[in-house]
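Worksheet: the structure to be examined is printed underneath.
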Amino acid sequence: MKKRKILKVLGIVVISLIALYIFLLLALGHILHPEFYNSSFPIETIPGLSGDFVPQGVTVTDDGTILICGYSSSDNPSRIYAIDDGKERVVYLENEDGTLYKGHAGGITSSGDYVYISNASKIFILRLKDVLSTASGDKLSFIGHFSVPCRSSFCSSDGKYLYVGEYYATGYNTDESHRLTTLDGKTHNAITFAFPLDKDGRAATEPTMAFSTSDKVQGFAAFSGKVALSISAGLRESTILFYDGSGVDSSFSYNGVDIPLIILDSNRLIKKLDAPHMSEDLEYRNGILAVAFEAGAKKYGMGFVPSSERNIRGMEIEKILP
C-alpha cells in the first residue's frame, strides 16, 4: 500500500514537472520575442509532429483552406496537410509516373486553379481541386513540373507572380552568377525569381523579374509593394525582415536577356523582427503573413527545445508596419 502511494505521488510530481516545463517553454517564447507574439496569433497547430513529418511550407487557398507541406524524416513520402474549419486531411505525394515522391518539399503556394511545391531546382504542379478533393490518406500525383534557375528552397505567390527562391549558407552553394555586391557594399549570394501568373493561376516557365537576397532565407512573401523574408538556421533565433520592394535597382542576365533586379539590402530595409528559431516558409493573404516553423517536428525533439513553435502563426501586418 505504501509503495502504491509513493508511486502515485511520483506520478503526480512527474506530470506536474512536465506541465511546468511546457508552461515555461511557452512563457519563454513570449519573453524572448515579445513583439512577434504581440503582433501574431496561432492560425493552426501543425499536424503530424508526433510522427515523421517535418513541416516546411504553408499557403492559404482562396476559400481559406490551409495547406502545409513537408517531408518525411524516415522513408515515407512527402505530404500535404489540408485544414479546413478544424478538419484535417493528409495527402501523400507521388511523382508524375506514380512513384512515391520523397523530396524535400520546401515550399508550397496556391494560386487560382493550381498548387505549386518547390524543391531541387524544380516547381511541381498540382490542381487545387484535386488537392481539396483527395480523401485523407490517399496519394496524389503531380500533373507536371518545370525547372527553375535556382535551388527552389521556397515559393510563394501574390496573384501576379509565383516567387521561387533559394537558401544560401556554408555547404548550400548557389550559382556563381547569383552572387553580387549590393548597393550598401555587402555580399548577397542568392536570387529569388518571379514568374508571371495568368488569370487562372498558371505560372509561366520563364522568370521576368529577380530579387537579390541575403543568406539563410527560408521564405519570401511580396505584398503591397513590400517584401518579407524569413531568415533562420538551426537553433539560432530567426529574423523576419521587411523591405520596400518597389522600383528597380539593376538588371540580372537570364538566358542572355536582362530582367529587372531588385536588391533587398539595408537601403530598402523597413523593419527587422526577431522570431522563434526555425522559421520557414511565408505566405501573405488578406493582411496576414503566415509563418511556418519546423522546430516542433519529432526530428527536432517535438518542440521540447525552449522557444520552439508548434503552430503556423499569423502576423498582423498592420500591427507591424502601421
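The values are calculated or read from the model by the stated rules, or taken from the named source; none is laboratory data. Keep in mind the model is a prediction, meaning the values are calculated, not measured. FYI the Cβ positions are ideal-geometry reconstructions off the backbone, even for glycines, and counts take in every protein chain you see. Heads up: the accessible areas ignore ligands, DNA and RNA and are worked out on the full protein's heavy atoms, side chains in. Shrake-Rupley method; radii C 1.70, N 1.55, O 1.52, S 1.80 Å.
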(message) What do you get for the angle between helix 2-32 and the principal long axis of the chain? Use alpha-carbon atoms, 0 to 90 degrees, nearest ten.
(response) 30 degrees
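Expressed as a whole percentage, what fraction of the accessible surface of the chain belongs to carbon and sulfur atoms when a 1.4 Å probe is rolled over the protein heavy atoms?
On the way: 7760 of 14550 Å².
About 53 percent, which is the carbon plus sulfur part of the accessible surface.
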(message) Averaging over every viewing direction, what projected area does the convex hull of the Cα atoms of segment 196-322 cover, in nm²?
(response) 9.4 nm²
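Can you give the local net charge around Glu316? Use residues other than it whose beta-carbon is closer than 15 angstrom to its beta-carbon, Lys and Arg +1, Asp and Glu -1. Display every interim value, and only then the final one.
Numbers: positive: Lys226, Lys271, Arg285, Arg313, Lys319; negative: Glu35, Glu283, Glu318.
Summing Lys/Arg as +1 and Asp/Glu as -1 gives +2.
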(message) Spelling out what I want: for every residue of segment 305-322, take phi, set θ = phi - 60°, compute 6.51 cos²θ - 1.76 cosθ + 1.60 (Karplus), and round to whole Hz; glycine and proline get x.
(response) 6, x, 6, 6, 10, 9, 10, 6, 10, x, 9, 7, 4, 4, 7, 8, 10, x
(message) Positive end of the dipole of the chain, charges at C-beta (+1 Lys, Arg; -1 Asp, Glu), about the Cα centre: which of Ala204, Leu180, Pro322 has its Cα farthest in that direction?
(response) Pro322
(message) Under the rule of at least 5 residues apart or a separate chain, name every residue whose amide H is placed under 5 Å from the amide H of Tyr161.
(response) Leu197
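Using the heavy atoms of the protein chains alone and a 1.4 angstrom probe, what is the accessible area of segment 125-248 per residue in square angstrom? Can you show the working numbers first?
Numbers: 5140 Å² over 124 residues.
Each residue of segment 125-248 exposes 41 Å² on average to a 1.4 Å probe.
Pull out a ≥ b ≥ c, the square roots of the eigenvalues of the alpha-carbon gyration tensor of segment 85-191, then state rounded if a/c is under 1.5, prolate if not and a/b is larger than b/c, and oblate in the remaining case. Walk me through the numbers before you get to the answer.
Numbers: a/c = 2.57, a/b = 2.04, b/c = 1.26.
Prolate, since a/c reaches 1.5 and a/b exceeds b/c.
Quick one: which of 74-85, 230-241 comes out on top by average Cβ neighbours within 10 Å, and what's the full order, highest first? Could you put the intermediate results ahead of the total?
On the way: 74-85: 16.8, 230-241: 18.4.
Packing order, densest peptide first, comes out as 230-241, 74-85.
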(request) Go through segment 130-146 residue by residue and turn each phi into a ³J(HN,Hα) via Karplus (6.51, -1.76, 1.60, θ = phi - 60°); whole Hz please, and just put x for glycine and proline. (result) 6, 4, 6, 9, 5, 5, 4, x, 7, 9, 9, 8, 4, 8, x, 7, 8
(request) Taking amide H positions as placed in the peptide plane 1.01 Å from N, state which residues far from Ser141 in sequence (5 or more) or on other chains have amide H under 5 Å from it. (result) Glu94
(message) Could you work out the relative contact order of the chain? I mean the mean sequence separation of Cα pairs under 8 Å and 6+ apart, divided by the number of residues, in percent.
(response) 17 percent
(request) Would you please give the residues with an amide H less than 5 Å from that of Ile262, counting only those at least 5 places away or on a separate chain, with H modeled from the backbone geometry? (result) Ala210, Phe211, Ser212, Asp249
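Taking Rh as the Kirkwood radius, which is the inverse of the mean 1/r over Cα pairs, what is the Rg/Rh value for the chain?
Values: Rg = 20.5 Å, Rh = 20.3 Å.
Rounded to two decimals, Rg/Rh equals 1.01.
List the pairs from Lys160/Lys226; Lys186/Lys216; Lys122/Lys299 whose alpha-carbon separation is above 19 Å, in the order I gave them.
Values: Lys160/Lys226 14 Å; Lys186/Lys216 15 Å; Lys122/Lys299 25 Å.
Flagged as over cut-off: Lys122/Lys299.
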(message) What are the ³J(HN,Hα) couplings of segment 147-158, residue after residue, when phi is run through the Karplus curve with 6.51, -1.76, 1.60 and θ = phi - 60°? Round to Hz, x for glycine and proline.
(response) 7, 10, x, 8, 7, 6, 6, 8, 8, 7, 8, 9
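What order do you get for 164-172, 40-48 when each peptide is scored by the mean count of other beta carbon atoms within 10 Å, highest first? Show your work: numbers first, answer last.
Working: 164-172: 19.4, 40-48: 17.9.
Highest-to-lowest ranking by the protection proxy: 164-172, 40-48.
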